Amino acid sequence: MKKIAIIGRPNVGKSSLFNRLIKNRDAITSDLAGTTRDVKRKTAIIIDKEAQLLDTGGLDKGCELFDKIKEMSLKAAYKADIILYMVDGKGLPEDEDKKLFYELQAMGKDIALVVNKIDNDKMKEKLWEFYEFGTDAIFGISVSHNRNTVELLEWIYDKLPESDKIKEDEEEVAVEVIEEEPIDDETFFSQYAEDEEDDGFIYWDEDEVEDDSIFAQNDRIKEFDENDINHIKIAIIGRTNVGKSSLLNALLGEERSVVSSVAGTTIDPIDETINYKDKQLTFVDTAGLRRRGKIVGIEKFALMRTKDMLENANMALVVLDASEPFLDLDEKIAGLVDQNRLACIIVLNKWDIAKREEHDKIIQEVRDRFKFLAYAPILTLSAKSHQRVDKLHDMILQINENYSQRITTSRLNEVIEKALRRHTLPSMHGQVIRIYYATQYETRPPKIAIVMNKPKGLHFTYRRYLTNKMREAFDFTGTPLLFKAKKRGEK
């Protein structure tokens, strides 16, 4: 599959074009320079051919962060097969743009000059100034007004091989991706943006969580899906500057995500898939989370994207900075794992610079603070030096097996029977409480139905007792274990 890189200076419309070509508002767009920082990769259908589209950060100089963004953007351009070099048609041609354009052109790349923001017929006159670049592949378009994009689309299509055509039975879903009217992120997210008091974490709303929300609404055992169980979606979460992007790079073995000392470097969630021991591991580097009062500008959009990623993930790596004191915010971020019922590994990063005499104390503090994640193993590592990062891949596979396992009804009931013999159920208002049997009705995470005469009689302390007995009998390390008390025949 051919790679198409969209590159150019900040604020020329790269992410808007990217969103239009993939027919989805995937990349965050705004008027703020440096909104896109990492390279986003998505598959686009150009008429009836597939291509991998790369949205890159702006080619700008300045601080350490912008220098790293430029470096990663150019690296993506050098590896691409087709380059769409975007410029702002409202300004004058820049010498730096010409220099880079000639350099890429000399490498034998298929490259087009895309002059954006030619919003009306009068603006077409501005297009002549850009013929200084010395190319016939020049397209004056307006992404926001959806003008004159067909010729660009056809040019890209001609550069893609016939072998990348989608299958005939998929053609009916292959639409011309440039026809949809654009909707900016601010409009799209306005339905979610509410003015709330600065009294906690942006997603932390206990009123939204019902007491019985951990239970599914059906009692059918989820059928085994080979593709599902072999594809593990892992969200890397934590507050700003704990080393999430460094961890992603270490896990992938390449500089995939921009790393800098600037808090909040990652804006768009960045996902990357690798194959490891016949499994697909998709890692998602999410935006660093802050308290609501600390969130500024486009960061609110980034946090909403992070929430969406968590809802679609199977597992979370909760990254903590072992070199600094833990905060209440760390606990609230970890609470998102519990809220989404994800498998979990607690990653203590920067272990190489943590105080050695306090190692045991740090581990104990994690266990004391994150009691609701008592099932999650703790791995100490250094993403920067790659110390013990290699252990994480195998741990992810093991926890995925636990998260996806199906325990037979007979084995479950053996454990329940032994637990009842050891401690009988207390009565409720003089009524005898009986458990008839237990059966697992869902996986990822494992969910167990306890069929009994008085479901309300299953006190939370006895449910916790049963959970502990199940964990003693079966390996549920790294995964939540959920129970539903119900009557016979109840759905």
Peptides 236-245, 111-120: what's the order by average Cβ count within 10 Å, highest mean first? 236-245, 111-120
In nm, to one decimal, how far is the Ile274 label point from the Leu327 one, both placed 7 Å along Cα→Cβ? 2.9 nm
Net length gained if the chain between Asp368 and Thr135 were fully extended (0.36 nm per residue, minus Cα distance): 77.4 nm
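If packing is taken as the average number of other Cβ atoms within 10 Å across a peptide's residues, how do 481-488, 4-11 rank, most packed first? Working shown, then result.
Values: 481-488: 16.6, 4-11: 23.8.
Result, highest mean first: 4-11, 481-488.
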Can you order the peptides 445-456, 384-395, 75-86 by their average number of other Cβ atoms within 10 Å per residue, highest first? 75-86, 445-456, 384-395
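If the chain between Lys487 and Asn230 were fully stretched, how many nm would it gain, using 0.36 nm times the residue separation less the Cα-Cα distance? List each step's numbers first, then the result.
Values: separation 257, 0.36 × 257 = 92.52 nm, distance 3.47 nm.
Going from the current span to full extension adds 89.1 nm.
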Picking from Gly478, Leu420, Tyr462, whose Cα lies most toward the positive end of the charge dipole for the range 409-486 (charges on Cβ: Lys, Arg +1; Asp, Glu -1)? Tyr462
Tell me, how many Å apart are the Cα centres for the range 423-491 and for the range 88-106? 67 Å
Return the lysines within reach of Lys165: Cα separation strictly under 23 angstrom, same-chain partners fewer than 8 residues apart disregarded; answer none if there are no such residues. Lys2, Lys3, Lys23, Lys40, Lys42, Lys49, Lys79, Lys109
Inter-label distance, nm, simple model (7 Å from Cα along the C-beta direction), Glu401/Glu154: 5.7 nm
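Bear in mind that the values in this text are calculations on the coordinates, not laboratory data. A quick note: this is a predicted structure, and the numbers were derived from the prediction, not measured. Note that each Cβ is placed from the backbone with ideal geometry, even for glycine, and that neighbours are counted across all protein chains shown.
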